[in-house]
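Colleague: I have a structure here, written as structure tokens, and I will follow up with some questions on it.
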Amino acid sequence: MLGDGSMNSLSPAPQTPVTGPPFVSRVLRALSGRSPGQILAATVKTLAQKLRRLTPAARAAARRDAAFDRQWGTDTSREVTMSELDFPTELRATSHHYQASGAHILDRTIACAGIDPAGFTFVDLGCGKGRVVLLAAARGFPRVIGVEYSPALVATAQINAGQFLARGGATVTPEFWQGNAADFAIPAGDVFVYLYNSFGADILTGCLAQIERVKARDPARRIILAYVNPTFGAIVATRPGWREGSPSEDMRCFECVAAA
């Protein structure tokens, strides 16, 4: 994720929330800069995703997502494809579409890490519309930050945060940082980093290097990475500065213990 970063809490965002562009424009965006092989792979992936949505578990999850948005007056459930997002061509092949995480996934990552949220700052790398950031604000983290490349998604996340706070969902004000996740400065103190396979290997490697640098400056602090749908988990596991906890089928938890 490229671009200069900026941190915002709930001040009005200058960007426009996500709305879908015309169909032809979306198709042209999706095809731009991709080889025939990449187009075929993306088509197969899209078809597989659509089939998964037809399963009973997926339908139940969709109902829970819709209930969350009805309760809090938010817009977090609708998936946003890469063709709808304001990403440069060079990032489209290595970044992933927006799909919200459920509360049960956040709770599982916290349990996997074995932490007390009260002692950690929460960071979501690739936060999209901000649902997990909102959930983290309600789980006892004293500070919660969403990191997202898309200005449009950040604008939507800020609106969602305002709605969530106004209806009493949390008392901690979410913060949002727009820019390249690999450029995000890890905040001071102990940090719990949540990542739902938002981007490719290059950006992940940059994020890990950032974490390792701040760990080297303050070896006593704890920095934990909960990686859901860990497509590139091997990249973390093979770096010498990381220790892995007990993995599950769709989640891996790591702690940065030293600079690489």
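Colleague: Could you list all residues from region 209-232 that are within 25 Å of HIS104 (Cα to Cα) and either surrounded by fewer than 20 Cβ atoms within 10 Å (Cβ to Cβ) or of a type in the set (S, T, N, Q) (or both)?
Modeller: ARG222, ASN229, THR231, PHE232
Colleague: Given the structure, is GLY128 surrounded by fewer than 21 Cβ atoms within 10 Å (Cβ to Cβ), among the small types (Gly, Ala, Ser) and not in a strand (DSSP E or B)?
Modeller: No; evaluated as a whole, the condition is false for this residue.
Colleague: Same structure, new question: Across region 195-208, what is the total count of residues that are open to solvent by less than 20 Å² (accessible area, probe 1.4 Å) and either at pLDDT below 95 or among the basic types (Lys, Arg) (or both)?
Modeller: Within region 195-208, residues that are open to solvent by less than 20 Å² (accessible area, probe 1.4 Å) and either at pLDDT below 95 or among the basic types (Lys, Arg) (or both) number 5.
Colleague: Exactly one of these conditions fails for ALA237: (1) more than 22 Å from ASP116 (Cβ to Cβ); (2) touching a residue at least 24 places away in the same chain (Cβ under 8 Å); (3) aliphatic (A, V, I, L, M); (4) touching a strand residue (DSSP E or B) at 6+ places or on another chain (Cβ under 7 Å). Give me its number.
Modeller: (2)
Colleague: Next up: Could you grab me the full set of residues in region 76-91 that are surrounded by 17 or more Cβ atoms within 10 Å (Cβ to Cβ) and either modelled with pLDDT of 90 or more or in a helix (DSSP H, G or I) (or both)?
Modeller: THR76, MET82, SER83, GLU84, LEU91
Colleague: Additional query: Could you please find all residues in region 92-126 being closer than 16 Å to LEU153 by Cα, of a type outside the set (Ser, Thr, Tyr) and at pLDDT below 55?
Modeller: ARG92, HIS96, HIS97
Colleague: Taking the conditions exactly as written (on the phi > 0 side of the Ramachandran plot, open to solvent by 10 Å² or more (accessible area, probe 1.4 Å) and small (Gly, Ala, Ser)), does GLY119 satisfy them or not?
Modeller: Answer is no for this residue.
Colleague: Considering only region 38-52, I want to know if a residue exists there that is at pLDDT 75 or above, surrounded by 12 or more Cβ atoms within 10 Å (Cβ to Cβ), hydrophobic (A, V, I, L, M, F, W, C) and more than 21 Å from GLU148 (Cβ to Cβ).
Modeller: no
Colleague: Return the residues of region 122-169 that are farther than 20 Å from PHE192 by Cα, hydrophobic (A, V, I, L, M, F, W, C) and out of contact with any Phe, Trp or Tyr (no Cβ under 8 Å at 6 or more places or on another chain); say none if nothing qualifies.
Modeller: Within region 122-169, ALA152, ALA155, ILE159, LEU165, ALA166 qualify.
Colleague: Moving to a separate point now. Between ALA188, ALA181, which is open to solvent by less than 10 Å² (accessible area, probe 1.4 Å) and among the hydrophobic types (A, V, I, L, M, F, W, C)?
Modeller: Within the list ALA188, ALA181, the selection yields ALA181.
The values are calculated or read from the model by the stated rules, or taken from the named source; none is laboratory data. Predicted model only: the values in this text are computed from it and were never measured. So basically every Cβ, Gly included, is an ideal-geometry build from the backbone, and we count neighbours across all protein chains shown. Accessible surface is based on the protein model in full, side chains and every heavy atom, while ligands, DNA and RNA are left aside. Shrake-Rupley method; radii C 1.70, N 1.55, O 1.52, S 1.80 Å.
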